[in-house]
Amino acid sequence: MNNPLLVDLGLGRFIPRARQEFGWVARDWGQNPAYAEAEYLYCLSVHGPVLRRLGFQEVALAPFDQWRLGLWSRLMHRVYGTEPRRTPPVLSIISRAEFLRRFG
């Protein structure tokens with residue numbers, strides 16, 4: 001996932017763009033033999049609620065990992081001059097079958 005792009009686009013523009021780009025990823029994932037054994041697509045970020053709207057499931061992280069990734073997220077928001085998210089970092093994950101069904 002391109003977290004800086006997600007921050008730049010914001011929710012309103014990210015969802016349509018993600019659907020388009022996920023279609024390209026689904027095509028590659030379904031046709032490229034190098035990816036045949038990959039079973040999941042995942043992202044570690046504070047953008048779990050956005051990815052949930054696209055069919056990803058959220059898995060809570062251990063407290064230290066939440067703290068570490070939250071610190072990184074706040075730093076990135078400061079660099080990009082945007083307001084930090086108040087949601088905790090999560091592991092967002094979707095199976096190959098579900099990703100290809102939704103976006104392929």
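The values are calculated or read from the model by the stated rules, or taken from the named source; none is laboratory data. It should be emphasised that the depicted structure is a prediction, and the values quoted were computed from it without experimental measurement. No Cβ is skipped: glycine too gets one built from the backbone with ideal geometry, and neighbour counts run over all protein chains shown. What goes into the accessible areas is simple: the full protein's heavy atoms, side chains included, and nothing from ligands, DNA or RNA. Shrake-Rupley method; radii C 1.70, N 1.55, O 1.52, S 1.80 Å.
Computed values, structure above
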| quantity | calculated |
| --- | --- |
| Counted residues, the range 10-23 - those being open to solvent by less than 70 Å² (accessible area, probe 1.4 Å) and without any contact (Cβ under 8 Å) to a residue 24 or more places away in the chain | 3 |
| Where a residue in the range 32-57 is at positive phi and its partner, wherever it lies, is among the charged types (D, E, K, R) and surrounded by 13 or more Cβ atoms within 10 Å (Cβ to Cβ), with Cβ under 7 Å and at least six apart | Gly55/Glu98; Gly55/Arg102 |
| Residue in the range 24-70 that is nearest to the chain's Cα centre (by Cα), counting only those that are aliphatic (A, V, I, L, M), in a helix (DSSP H, G or I) and buried (at least 16 other Cβ atoms within 10 Å of the Cβ) | Leu51 |
| Any hit, the range 82-93, residues being under 15 Å from Cys43 (Cβ atoms) and in a helix (DSSP H, G or I) | no |
